[in-house]
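Reading through the C-alpha cells given below for one structure.
The values are calculated or read from the model by the stated rules, or taken from the named source; none is laboratory data. Small disclaimer: the values here were computed from a predicted structure and weren't measured. Using ideal geometry, Cβ is built from the backbone for each residue, glycine included, and neighbour counts are taken over all protein chains shown. These accessible areas exclude ligands, DNA and RNA; they are computed on the full protein's heavy atoms, side chains included. Shrake-Rupley method; radii C 1.70, N 1.55, O 1.52, S 1.80 Å.
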Amino acid sequence: MKIITGKKEFFAGIDAIKFEGPRTDNPLAYRWYDENKVVAGKPMKEWLRFAVAYWHSFNGTGADPFGEATHIFEWDKNADPVARAKDKADAAFELITKLNLPYYCFHDVDVVDYTNDIAENEKRLQTLTQYLKQKQEESGVKLLWGTANLFSHRRYMNGAATNPDFHVLSHAAAQVKAALDATIALGGENYVFWGGREGYMSLLNTDMKREKEHLARFLQASRDYARKNGFTGTFFIEPKPCEPTKHQYDYDAETVIGFLRQYDLLNDFKLNLEVNHATLAGHTFQHELQVAIDAGLLGSMDANRGDYQNGWDTDQFPTNLNELTEAMLIILEGGGFKGGGINFDAKIRRNSTDPADIFYAHIGGVDSFARALITADEILEKSDYRKIRQERYASFSVDTAKAFESGKAGLEELRAFAIAQGEPAVRSGRQEYLENIINNYL
Ligand code: XLS
Ligand code: NI
Ligand code: NI
C-alpha cells in the first residue's frame, strides 16, 4: 500500500509495518498478520477486513472524568476547525497506510467539528468529504462504515430518535441525512446506528412504547432516504445495554433481532457487535456472535475488550488470545462477516502518550486476531472439536427424534420412546477437554 502523508509527517520515524513472522524482535512489525496468507480458503485480509476508528485515535485526548487531556498530538493543534480537520485526515491516512490496513470508520463530528448551525455543518462535512475522497483514491483505503454522533451534543441528553421532544428528533434526522450523504459520496460499504442515548434514565418520565416506535420509524426513514440516494450497503445496529443511559433499547443481539423483526427491517439491517458491549450485557462476546450468526445477521464487529475489575466500556485494545480464538471459531464456522469487518473501536490508555503507542496498540490487535484466525482454523481442521459437538446430538438421528424435529412426533410418541429406551445414560459434556484444545493449538 502506498503511504500517504500530508504536508507534515505526523508519525516520523515509523515506516510501513510489514509482516516479519513470529520470531522477529522488531516491535513495529506484524508477527502473525500476513495479509495474503490463505486461511480456510481466503486470504487473511478478506476474513478480517480491519478498520481504524477515527474517533479514538484522532479525537480521543486521554481526558477522563477526573482529569484533563494527556494526548497532546500535533494533528489536533490548528485553531481553524477545517484546517485542523484536514490535519487529522492527514494523520489518519498516514497511520492507516503505514499499518497497511484496508478500511476506516468515522462519526460525522470526528471528521470535522460541528456547530449549532445545520447548514454550516453540512458545508464543513462536504468539504472534508472531498478531502477524504481524494485520500481514499490516492491510497486505496476504503470506508467500512460511516455514522452520526447523536449522543455528545447537549440537545441529545434525552435521546435522539427517541427524544420526547420532536424538535430534537428533527435535528437528529438532519444530522443522519448529512452523514448518509457523506457515506454515499465516499463509497462507504455500510452505515451504523449506535443508539447511545436511545433509552431512558428513568421510566418515571418515559413512554417506552412510543419511543421505540419512533426509533423504528426513524430507522425506516433513514433507510428510505439512503436507498433513494443510491446506497446499496448494509445498515448495522450496534447493541449495547447501558452507558450512557441506564437502559438502552438496543440491549443485546437477541433484543435487536426481535426489534428488527417487529418493524420489518431485516432486509436492510444487520448487527455490528462490540466485545465490551457484550460483556456489559452480561454475555460473552462469543454468545453474541453465535446469536447473530444463527439469525444470519452478523454484519460486522467493533473490536476491543473491557476490564474484568470494573463495569464500563473501557475500550481497550484486544489482546486475549483464548477469548479471540473462541470468537474466531464461531466467526469461521459461521462463514465470516456479512458486509462488515473488524473495526478497532479501542483507545490507547490515558498514560500512553506517544504517537507510536497508537501503532503498538493496532499492531497488537491485528496480530491477536490474525493468530486467533490461524489457531481457530487449525482447531476446526485438525482437532476433534467439531466431531465432539456433533456427537453430542447423535441421538437425534433415530426416527422418533427426526419425527420430533420435523414436528411429526408429539408427546405420546415421545413417551412411548422413553419407556422403550429406559433411563438415559449419563453423558459427559467434556467441557475441560474442549477448553484444553484451545491451549493445545495456540
Ligand atoms: C460506544 C460505541 C460507539 C459506536 C459508534 O460505546 O461503541 O463508539 O461504535 O457510535
Ligand atoms: Ni462501537
Ligand atoms: Ni462501545
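Go through the range 128-141 residue by residue and tally those that are open to solvent by less than 60 Å² (accessible area, probe 1.4 Å) and either at pLDDT below 95 or not hydrophobic (A, V, I, L, M, F, W, C) (or both).
Result for the range 128-141: 6.
Determine which member of the set Asp25, Asp90, Asp108 is among the acidic types (Asp, Glu) and in contact with a Gly (Cβ under 6 Å, 6 or more places away or on another chain).
Asp90
Which numbered condition trips up Arg305, out of (1) within 16 Å of ligand 3 (Cβ to nearest atom); (2) on the phi > 0 side of the Ramachandran plot; (3) open to solvent by 30 Å² or more (accessible area, probe 1.4 Å)?
(2)
Listed here are the residues, each with its yes/no results for (1) under 10 Å from Thr162 (Cα atoms); (2) in contact (Cβ under 8 Å) with a residue 60 or more places away in the chain.
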{"site": "Arg210", "(1), (2)": "yes, no"}
{"site": "Leu215", "(1), (2)": "yes, no"}
{"site": "Leu219", "(1), (2)": "no, no"}
{"site": "Tyr225", "(1), (2)": "no, no"}
{"site": "Asn229", "(1), (2)": "no, no"}
{"site": "Gly233", "(1), (2)": "no, yes"}
{"site": "Pro239", "(1), (2)": "no, no"}
{"site": "Cys242", "(1), (2)": "no, no"}
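For Leu434, only one of the following conditions fails: (1) under 28 Å from Lys382 (Cα atoms); (2) open to solvent by 70 Å² or more (accessible area, probe 1.4 Å); (3) not aromatic (Phe, Trp, Tyr). What is its number?
Condition not satisfied by Leu434: (2).
Within the range 166-188, is there a residue that is touching a residue at least 60 places away in the same chain (Cβ under 8 Å), among the aliphatic types (A, V, I, L, M), assigned to a strand (DSSP E or B) and within 22 Å of Lys270 (Cβ to Cβ)?
No, that holds for no residue.
One line per residue, one yes/no per condition, for (1) farther than 21 Å from His107 by Cα; (2) within 16 Å of ligand 2 (Cβ to nearest atom); (3) assigned to a helix (DSSP H, G or I):
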| position | (1), (2), (3) |
| --- | --- |
| Phe337 | yes, yes, no |
| Asn343 | no, yes, no |
| Ser352 | yes, no, no |
| Ala356 | yes, no, yes |
| Phe359 | yes, no, yes |
| Gly365 | yes, yes, yes |
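Can you tell me how many residues in the range 60-73 are farther than 18 Å from Ser152 by Cα, surrounded by 14 or more Cβ atoms within 10 Å (Cβ to Cβ) and not hydroxyl-bearing (Ser, Thr, Tyr)?
Qualifying residue count, the range 60-73: 2.
Would you confirm, using the coordinates I've provided, whether Gly199 is crowded, with 24+ Cβ neighbours inside 10 Å, farther than 29 Å from Lys77 by Cα and touching a residue at least 12 places away in the same chain (Cβ under 8 Å)?
On the way: crowded, with 24+ Cβ neighbours inside 10 Å: yes; farther than 29 Å from Lys77 by Cα: yes; touching a residue at least 12 places away in the same chain (Cβ under 8 Å): yes.
Yes, satisfied.
In the range 324-351, how many are farther than 24 Å from Glu238 by Cβ and touching a Phe, Trp or Tyr at 6+ places or on another chain (Cβ under 8 Å)?
0
Identify, from the list Asp90, Asp76, Asp108, the residue that is in contact with a strand residue (DSSP E or B) (Cβ under 8 Å, 6 or more places away or on another chain), at pLDDT 95 or above and either over 21 Å from Gly365 (Cβ atoms) or surrounded by fewer than 22 Cβ atoms within 10 Å (Cβ to Cβ) (or both).
Asp108
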